[in-house]
Amino acid sequence: MDDDFETAAGAYRKELLVHCYRMLGSVHEAEDLVQETMLRAWRAWDRYDARRASVRTWLYKIATNACLTALQGRARRPLPSMVSGPERGEAEFPLAPALDVPWLQPFPDAMLDDPASRVARRGSLRLALIAAMQVLPPKQRAVLILRDVLEFSAAETAELLETSTAAVNSALQRARAGLSGVAVTEDEVAEPDDAAVNDLLDRYVRSFETADVGALVTLLTDDVALEMPPVPHWYRGRHSYGLFMVRLFEWRGTGWRMVRTTANGQPALVAYLLDDGVYRLHTLQVLTVEGDRVTRNVVFTDPRVFSAFGLAPTLPEP
């Protein structure tokens, strides 16, 4: 029975992880819920009826309801721009974190199945969209994901959530209204391996590693946003971004190296800071790129995020 179950259900682990992440906004919580889903499914395997639903649909039902249970009474996972207005003054260093807030986490593209699935999921994994989904009530969030992302029918969604088709359609309408102006299509997402994005990232890395703030700000849009969970403050505009970087280099120094990666289907950079002759892991920066400019940089310092991405704590000597 164990071999039969693993053969039938094991192939869906990766996509269930993505589903739970969309629901929860946390990679680690998503991994826990996938484990719980598989345990519940294994215990009920002898009662599974293939005439009623495919294994995939059955697993999604278990996973979605496990996520809804986990979300009961739990605070949403925001980004700083969702809880306050931008800072108007210069940044004060060191930056004080708000550790009592369950901040949104990024998702490592390396956890997806293969390059084809990464491309297919890019639009629906965009960090801004995942952040906006966290504002929705959990049931609306589930309906939106099941209907618009996973493309289950209204009847299938109603069966998964054990509700009526009318209730599903109503929840979907409210969810779409709640995301008005936020949801994006795949065509609007800059591909991390696009030639123009590669050139932009090369120039961004070169400017950052040489502490050339003047060159760095030319790569930003006028209304660029910079946010750094768990720090609750954030900054809007090229001028504020530049001032922050000047203060950062004054405080931390100018010995930096950056390594490229991807997160949420977006280009990302891992920054290492020179400390006692060693380049030590400092931040993961997830960039939103439109055209040939950076429109947003979300900077993560959470060790749990570093762990999820499997980031090396130090870099070897160049």
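The values are calculated or read from the model by the stated rules, or taken from the named source; none is laboratory data. If you're wondering where the values come from, they're calculated on a predicted model, not measured in any experiment. Cβ placement follows ideal geometry from the backbone for every residue including glycine, while neighbour counts extend to all protein chains displayed. For accessibility, only protein heavy atoms count, side chains too; no ligands or nucleic acids. Shrake-Rupley method; radii C 1.70, N 1.55, O 1.52, S 1.80 Å.
Each residue in the range 285-294 was checked for being of a type outside the set (Asp, Glu) and under 14 Å from THR218 (Cβ atoms), and 3 pass.
I'd like to verify a number: residues in the range 1-27 that are in a helix (DSSP H, G or I) and within 26 Å of the chain's Cα centre (by Cα), how many?
17
Residues are listed down the side, and each one gets a yes or a no for (1) more than 23 Å from VAL135 (Cα to Cα); (2) polar (S, T, N, Q); (3) out of contact with any strand residue (DSSP E or B) (no Cβ under 8 Å at 6 or more places or on another chain):
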| residue | (1), (2), (3) |
| --- | --- |
| ALA44 | yes, no, yes |
| ALA53 | yes, no, yes |
| THR57 | yes, yes, yes |
| LYS61 | no, no, yes |
| THR69 | no, yes, yes |
| GLU90 | yes, no, yes |
| LEU99 | no, no, yes |
| PRO102 | no, no, yes |
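Any residue at all in the range 221-240 that's more than 25 Å from VAL305 (Cα to Cα), open to solvent by less than 10 Å² (accessible area, probe 1.4 Å), assigned to a helix (DSSP H, G or I) and in the same structural domain as GLY265 (by the TED database)? No, the range 221-240 contains no residue that is more than 25 Å from VAL305 (Cα to Cα), open to solvent by less than 10 Å² (accessible area, probe 1.4 Å), assigned to a helix (DSSP H, G or I) and in the same structural domain as GLY265 (by the TED database). Scanning the range 197-256 for residues that are farther than 18 Å from THR288 by Cα and in contact with an Asp or Glu (Cβ under 7 Å, 6 or more places away or on another chain) yields PRO230, HIS233, LEU243, ARG247, TRP256. Cβ contacts < 8 Å: first residue at positive phi, restricted to the range 221-248; second residue surrounded by 19 or more Cβ atoms within 10 Å (Cβ to Cβ), any location; separation 6+ or different chain. Result? That search, which allows pairs on different chains as well, returns GLY237/VAL224. Elements of the type helices (runs of 4 or more DSSP H) sitting completely within the range 28-137 and holding at least 3 residues that are within 30 Å of ALA11 (Cβ to Cβ) and open to solvent by 30 Å² or more (accessible area, probe 1.4 Å): these cover 55-71, 115-125. Note down all Cβ pairs under 9 Å where the first residue falls in the range 9-29 and is on the phi > 0 side of the Ramachandran plot, the second is open to solvent by 10 Å² or more (accessible area, probe 1.4 Å) and of a type in the set (Lys, Arg), and they're at least six residues apart or on different chains. Pairs that qualify, where the first residue is on the phi > 0 side of the Ramachandran plot and the partner is open to solvent by 10 Å² or more (accessible area, probe 1.4 Å) and of a type in the set (Lys, Arg), are GLY25/ARG76; GLY25/ARG77.
Listed conditions (1) under 30 Å from LEU99 (Cβ atoms); (2) of a type outside the set (Ser, Thr, Tyr); (3) in the same structural domain as LEU71 (by the TED database) are all met by GLU156, apart from (1).
Taken together, the criteria place ARG74 among residues that are touching a residue at least 24 places away in the same chain (Cβ under 8 Å) and not hydroxyl-bearing (Ser, Thr, Tyr).
Within the range 146-161, which residues are outside any helix (DSSP H, G or I), open to solvent by 20 Å² or more (accessible area, probe 1.4 Å) and modelled with pLDDT of 95 or more? SER153, the sole residue that qualifies. Screening ARG304 against (1) open to solvent by 30 Å² or more (accessible area, probe 1.4 Å); (2) in contact (Cβ under 8 Å) with a residue 40 or more places away in the chain; (3) touching a Leu at 6+ places or on another chain (Cβ under 7 Å) leaves a single unmet condition, (3).
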